[in-house]
Amino acid sequence: MNADELLLTAVRKCRRVDLYADPRPLTPDEQKEYDSMRARYQNGEPLQYVLGECDFLGSALAVNPCVLIPRPETEILVDTILQKLKSSKLSKPCRVLDLGTGSGNIAIALAKAIDPCHVTALDISEEAISVARCNAAANGVTEKIRFLREDMRESLVANRAWMKNFDCIVSNPPYIKTSALDHLPRDVQQEPRLALDGGADGLRFYETIIRRVHQYLKPEGYLFFEIGDGQAAPVEALLEKNPFYRNIRFYPDHTQTDRVVCSQTTLSVCEQKDTHTWKSW
Ligand SMILES: C[S@@+](CC[C@H](N)C(=O)[O-])C[C@H]1O[C@@H](n2cnc3c(N)ncnc32)[C@H](O)[C@@H]1O
């Protein structure tokens, strides 16, 4: 659908086919709403924010300027995770940690696809957590996801009681270099800086996560990242520097750019007890 069709179906609350099967003029209220949405779009606001919604792997998710608009590249990340987990021995329920959940897109897609599973999804932004909670409810997976408003840099150091024995830890962290933020396309600049700013070299979050999370994964547990253009080599170097990771693999996006990285913890990763803290939520 083109932008006009999307705006018209949103205003008329109908399907695309109805625009042509029943091509009636808009009512005055509908016209007012359409004009206002179209003006926002023409002023450079991302269409998904104007519509208040986007599609992620077939699920409708609410979005607003407090959350990053989920990207098609992140669908590749989720597909890769599901492929890998399908052929692995997982806990029942499978335990997943999503660092920087934003709209909740990754957590929700995994919760819908993996049964049984328990996902912990955290974000530093209170507003993002509230959008993600609504999206989980709208997609019927509230019971499978625990949302936490936390700064991952603190949680990963604090070694909280529940942070143990994950089968899979995933993150699509902020990964744009700070110096590049002001040169991003106008619509991307309207997304939260908090969701984009990866520090001076864009690698700040990968460094923190790679340094810390092996202790929260089961032996042979999976760590998945989405990465930015040109970040495959530095992220690989960070993983290789840590003796607890092995089997580092990259997966390309539709432009054949490495977009997803997967690695596994070694068998000898620090001894961990199965505490099953889920019961004490
Ligand atoms: C690139 S966005 C990814 C959002 C979503 N997971 C997705 O794939 O579309 C990164 C997310 O990390 C969150 N974030 C940034 N700094 C954080 C921190 N220190 N601790 C936890 N979350 C953080 C942002 O608020 C944002 O929602």
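Some observations on this one:
- Across the chain, the mean sequence separation of Cα contacts (distance under 8 Å, 6 or more residues apart), normalised by length, yields a relative contact order of 15 percent.
- Applying a threshold of 22 Å to the alpha-carbon distances of Lys84/Lys177; Lys89/Lys241; Lys84/Lys164; Lys86/Lys218 flags Lys84/Lys177; Lys89/Lys241 as lying beyond it.
- Positive-pole candidate from Leu239, Gly44, Pro93, dipole of the chain, charges at beta carbon: Pro93
- Taking a point 7 Å out from the Cα of Thr27 in the direction of its Cβ, the residues of the stretch 1-18 whose backbone N falls within less than 17 Å of it are 8-15.
- Shape call, the stretch 1-107: gyration tensor on alpha carbons, a/c limit 1.5: prolate
- Mean separation of Cα pairs under 8 Å and 6 or more residues apart, divided by the residue count, gives the stretch 103-245 a relative contact order of 22 percent.
- The simple spin-label model puts a point 7 Å past each Cα toward its Cβ; for Thr178 and Arg71 those points are separated by 2.1 nm.
- Across the chain, the longest piece that holds none of the trypsin sites (Lys or Arg not before Pro) lying in DSSP loops with up to 16 other C-beta atoms within 10 Å covers 187-272.
- Low-density loop cleavage sites - chymotrypsin sites (Phe, Trp or Tyr not before Pro) in the stretch 117-172, where at most 13 other Cβ are within 10 Å (DSSP): none
- Once the chain from Ser87 to Gln215 is taken as fully extended at 0.36 nm per residue, the excess over their C-alpha distance is 43.8 nm.
- Close amide H contacts of Gly202 (hydrogens built in the peptide plane, cut-off under 5 Å, sequence separation of 5 or more or a different chain): Thr178.
- Judged by the ratio a/c of the largest to the smallest principal axis of the C-alpha gyration tensor, the stretch 38-97 counts as prolate, that ratio being 1.5 or greater while a/b is larger than b/c.
- Cα-centre dipole for the stretch 68-154 with unit charges at Cβ (Lys and Arg positive, Asp and Glu negative), debye to 20: 480 debye
- Put simply, the stretch 3-43 fits an ellipsoid with semi-axes of 18, 12, 7 Å; these come from the alpha carbon gyration tensor as the roots of five times its eigenvalues, largest first.
- Nitroxide proxy distance, nm - points 7 Å out along Cα→Cβ at Asp187 and Thr142: 3.3 nm
- Pairwise Cα distances in the chain exceed 30 Å for 33 percent of all pairs.
- Computed FRET value (nearest 0.05) for Arg249 with Ala200, which takes r as the C-beta separation and R₀ as 22 Å: 0.20
- Phi to ³J(HN,Hα) by Karplus 6.51 cos²θ - 1.76 cosθ + 1.60 over the stretch 96-102, Hz, x for Gly, Pro: 10, 10, 10, 9, x, 6, x
- Debye log10 I(q)/I(0) at q = 0.11, 0.14 Å⁻¹ for the stretch 170-277, Cα point scatterers: -0.39, -0.60
- Under 5 Å from the amide H of Ile145 lie the amide H atoms of Val119, each residue being 5 or more positions distant or on a separate chain, with H modelled from the backbone and absent for Pro and chain starts.
Where a number appears in this text, it was derived from the coordinates with a stated rule and is not lab data. Please read these numbers as outputs of a predicted model, since none were measured by experiment. Here Cβ is always computed from backbone atoms with ideal geometry, including for glycine, and neighbour counts include all displayed protein chains.
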